[in-house]
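What follows is a short report on a single structure.
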């Protein structure tokens, strides 16, 4: 399997879990965010709700990419909802928007997942 599996349409989904993150995701909190996301991703696809995140640094971006790898290894999707503008720009510059899709809000991310036939939110 590639580092980031682009054959995500072949994943078997049993639903989707929403993980809400807030505050600042930085060197002090990135590992906790990673753990929360990967714990959820072990059992289902995940939407990460970033609507309450005010700041994210490189360690936070790294935690999201590592969480994506863990979700991919578990054969689950990882979607981002309401990312801060700063994060959207970073993902775009790094060319990660294809493998780490972002959506305007949680409802839109869940709807896209369901429309693709992957299952309902938990």
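Read-outs throughout are calculated quantities, based only on the coordinates presented, and are distinct from any laboratory measurement. Nothing here was measured: the structure is a model prediction, and the numbers come from that model. Note: ideal-geometry Cβ built from the backbone for every residue, glycine included; neighbour counts use all protein chains shown.
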Could you sort 78-87, 107-116, 34-43 so that the peptide with the highest average Cβ count within 10 Å comes first and the rest follow in order? 78-87, 34-43, 107-116
Output ordering of 94-101, 66-73, 20-27 (per-residue mean of other Cβ within 10 Å, highest first) is 66-73, 20-27, 94-101
What is the log10 of I(q)/I(0) for the range 13-115, computed with the Debye formula using one identical point scatterer on each Cα and no solvent, at q = 0.10, 0.18, 0.20 Å⁻¹? -0.22, -0.76, -0.96
